[in-house]
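The values are calculated or read from the model by the stated rules, or taken from the named source; none is laboratory data. Keep in mind it's a predicted model, so treat the numbers as computed, not measured. Remember, those area values only see protein heavy atoms, side chains included, never the ligands or the DNA or RNA. Shrake-Rupley method; radii C 1.70, N 1.55, O 1.52, S 1.80 Å.
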Amino acid sequence: MTTRILSRSRPAAILGTIAAASLAVGITTKFLIQDARADSRASPPKVFGGGPAFFSLPLESADMVNHNTRLLRFKFADKEAVSGLPVNSSVLALSWPEGRWFPVIRPYTPISATDEQGHLDLMVKHYPDGKSSTHLHKLQPGESLFFVASLKGHRWKADAFPHVTLIAGGAGITPIYQLTQAILRNPQDKTAVTLVFGVNSDRDVLLKEEFQEWEKKFPGRFKAVYTVSNPVEGSPYRKGYVTKDLLREVTPSPAGNETMVFVCGPPSMEKALVGDGRRRGILQELGYRKDQICQF
């Protein structure tokens with residue numbers, strides 16, 4: 001298996017691909033994170049937070065967290081550096097699957113906090129036909145992966161709402177986890193959070209230990225609700241999908257401007273919840289306005 005991303009025979013192909021994708025704009029002084037060491041140590045150097053970026057990071061460790069999902073930790077050159085990513089943002093990973101002339105670029109949402117020093121954590125689900133996810137699941141510690149810039153999403157404002165509902169399906173849990181973590185780790189943010197997580201089977205419930213810890217640490221403020229479409233016999237989870245009845249039962253009324261809902265999941269799930277332009281989705285039927293709904 002060829003896993004050397006920085007191949008000497010392919011620099012032209014890399015640059016051509018990046019240029020074609022308009023992702024090489026502003027690639028100048030960001031190559032060396034060490035340059036930030038000249039700055040005051042009162043503010044740790046930011047890997048992604050200072051503008052356009054294009055560099056490789058070595059894989060420090062890789063662990064399977066269930067039957068098809070791998071936790072990948074990438075190491076920063078400066079052990080005191082932080083990602084510097086704003087809330088609700090993702091990074092673009094440039095992988096080079098075996099046998100391909102050109103790289104594959106895919107967005108991934110880190111689950112490590114923006115101020116965690118020395119590393120970046122990605123939780124990646126493997127799809128049988130996924131070129132990028134297959135490559136990332138084969139990547140071994142010590143090998144490197146290119147990261148190209150970052151993508152910013154909804155601009156979260158602390159305490160903008162008394163309550164938010166976060167709905168995730170399958171691998172869509174990563175951006176939902178990132179937002180939840182940012183809210184609960186910020187002492188200035190008192191927003192209450194209800195997480196609704198729908199999956200196919202019991203073993204697809206990811207990050208449950210982290211959610212349980214938050215429920216203990218923030219009683220009455222954070223609540224996680226799980227629903228499994230194909231639970232095992234004796235499953236501790238409720239059976240079913242994310243339905244109108246479920247959301248009406250576990251989340252507050254969307255009346256007024258006191259709440260917002262964030263959605264990330266498979267296309268079929270998002271279509272059912274948000275609609276498709278021709279037909280209203282479950283959330284609109286429950287009374288959510290368009291400006292109260294955010295899709296990742």
Check your understanding: Where does each of SER268, SER90 land when they are ordered by accessible area, with a 1.4 Å probe and the largest first?
Key -> SER268, SER90
Practice item. Please arrange HIS67, HIS126, HIS135 by accessible surface area, largest first, computed with a 1.4 Å probe and ligands excluded. Key: HIS67, HIS126, HIS135
Revision key, fill the gap. Expected field for LEU286, accessible surface area in Å² at 1.4 Å probe radius, rounded to 10, holds 40
Study note, to complete from the structure: Reported to the nearest 10 Å², GLU213 has, with a 1.4 Å probe, an accessible area equal to 100
Revision key, fill the gap. Cα pairs beyond 19 Å in the range 163-295, in percent, come to 48
Review point. By a straight-distance test (C-alpha under 19 Å), which aspartates and glutamates pair with LYS131 as possible cross-link partners, with residues fewer than eight away in the same chain excluded?
Key: GLU98, GLU143
Point to revise | Volume in Å³ per residue [convex hull over Cα atoms, computed for the range 55-152] | key: 98
Check your understanding: Given Cα pairs under 8 Å that are at least 6 residues apart, what percent is the relative contact order of the range 179-296?
Key -> 20
**Study point:** Under 28 Å from the Cα of LYS79 - lysines, other chains or at least 8 residues apart
**Key:** LYS30, LYS46, LYS125, LYS138, LYS152
